[in-house]
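Here's the structure we're looking at; comments come further down.
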Amino acid sequence: MDTHGGQEPHPAQEQPARTRDALTDVPGLRVGHAQRDGDGWLTGTTVVLAPQEGAVAGVDCRGGAPGTRETDALDPRNLVERIHAVVLSGGSAFGLDAATGVMSWLEEQGRGVQVGADPSQVVPVVPAAVIFDLGRGGRWNARPDAELGREAVEAAAATPPGAPVAEGSVGAGTGAVVGGLKGGTGTASTRLASGAVVGALVVLNAAGSATDPATGVLYGELADGLPHIPSEDEHAEAEILRSEAREETDRRVAGTLRPALNTTLVVLGTDTALTRAQAQRLAGSAHDGLARAVRPVHLMHDGDTVFALATGARELETGEFNEVLAAGADVVVKAVVKAVRAAGGVDGPGGVFPSYSDLYGPALPGADEAGSSVEHEERDAGR
């Protein structure tokens, strides 16, 4: 059901005309962002909206400082069979309140676990996870709330099937940073030889770095084997700018207790039919991708959390699950690179965080990670 009360098509009927290199290439999944980035605000919320009937889901958290809600419900040993949305948000633990607005909207649409005789008696299942962005570029008390969560889910519901997904400093990635640079939101997808789709949405806010300190190359591009390697002069100049930004950030936060709290969040999606245990395994595979694109990862001040959603529109072929697992890690690497390249720098009361493009310039024309998913052409093999 959409915001006008109309019935959504089954995910299997939602076949976009072209792929967007985004999580929304998985039929049935929609993404909505809402953010505040002015007047003392630098934070936001992103919602991944499942199909009307929900999606099978799993979760895998490997960071030492997670901020989550309803993740225990996804344990395959527990009752919940399907979830109805996933909320990713800034605001640290305060930002979990954004899920309340999403639940309220879903309840109004009659979407949730039926718990009573009346069709309106539903309880939506909405797992959520947050990043730490408090006071980093905006006021300490400028945090996502239920209103912002509702805005994000309404944005998701209003998008057509297969819509492009905005990347960079948007949604939950609005106040994100990574290794002293501006982080953000990125998304990517791939289609297997069988036709199955695997997509990822990443909110990159890591204590570790996405770049090789010796060369400035993005680790995720090294993983692809065809990185653009900055010249020695380019890298030396970039390191001077980065050092100046760090010194200014230290000056602005002097005298305050500011541990390097972070967290990277991921939603993986696939149109294959998975069991809850398989969805949990898929969530785990995404951490392999994070480890290839961010170093170090899963630290005590990270809360790295991955959700995996399976819409079940396509039966899993014999032996195909291993391909889905491998693809899950691959699209996470790609989404991390796109998040870094799409982010814009910020100069706020909580510090100066230049973007990767501020230091090294935009990606070379034709680079696969360059630009947004709106502009991405169907370049993956098999498409």
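The values are calculated or read from the model by the stated rules, or taken from the named source; none is laboratory data. This one's a predicted model, so the numbers in the text were calculated from it and none came from an experiment. Every residue, glycine among them, receives a Cβ derived from its backbone with ideal geometry; neighbour counts consider all protein chains shown. Ligands, DNA and RNA are stripped out before the accessible areas are found, and what is left, the full protein with its side chains, is counted by its heavy atoms. Shrake-Rupley method; radii C 1.70, N 1.55, O 1.52, S 1.80 Å.
Do we have any residue at all in segment 240-252 that's buried (at least 19 other Cβ atoms within 10 Å of the Cβ) and aliphatic (A, V, I, L, M)?
Yes; the residues of segment 240-252 include at least one that is buried (at least 19 other Cβ atoms within 10 Å of the Cβ) and aliphatic (A, V, I, L, M).
Considering only segment 182-218, state which residues are within 13 Å of Val337 (Cβ to Cβ), touching a Gly at 6+ places or on another chain (Cβ under 8 Å) and not small (Gly, Ala, Ser).
Across segment 182-218, the qualifying residues are Thr185, Thr187, Val202, Leu204, Thr211.
Consider only pairs whose beta carbons are under 9 Å apart and that are at least six residues apart or on different chains; among these, list those whose first residue lies in segment 280-297 and is in a helix (DSSP H, G or I) and whose second residue is surrounded by fewer than 24 Cβ atoms within 10 Å (Cβ to Cβ) and of a type in the set (Phe, Trp, Tyr).
Arg281/Phe321; Leu282/Phe321; Arg292/Tyr219; Ala293/Tyr219
Find the residue count for segment 180-225, including only residues that are buried (at least 24 other Cβ atoms within 10 Å of the Cβ) and either of a type in the set (D, E, K, R) or free of Cβ contacts under 8 Å to residues at least 24 places away in the same chain (or both).
The number of residues fulfilling the criteria is 2.
Looking only at strands (runs of 3 or more DSSP E) that fall completely inside segment 29-90, which ones have 1 or more residues that are open to solvent by 40 Å² or more (accessible area, probe 1.4 Å)?
30-36, 56-61
Kindly provide the set of residues from segment 287-303 that are touching a Lys or Arg at 6+ places or on another chain (Cβ under 9 Å) and at pLDDT 95 or above, ordered by number.
Selection gives His287, Gly289, Leu290, Ala293.
Residues being of a type in the set (A, V, I, L, M, F, W, C) and either on the phi > 0 side of the Ramachandran plot or more than 17 Å from the chain's Cα centre (by Cα) (or both): count how many of those fall in segment 56-82.
6
Table: residues versus (1) open to solvent by less than 50 Å² (accessible area, probe 1.4 Å); (2) not in a helix (DSSP H, G or I).
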{"position": "Ser120", "(1), (2)": "no, yes"}
{"position": "Trp140", "(1), (2)": "no, yes"}
{"position": "Leu148", "(1), (2)": "yes, no"}
{"position": "Ala155", "(1), (2)": "yes, no"}
{"position": "Pro160", "(1), (2)": "no, yes"}
{"position": "Gly175", "(1), (2)": "yes, yes"}
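From (1) open to solvent by less than 20 Å² (accessible area, probe 1.4 Å); (2) within 14 Å of the chain's Cα centre (by Cα), pick out the condition that doesn't hold for Ser169.
Every listed condition holds for Ser169 apart from (1).
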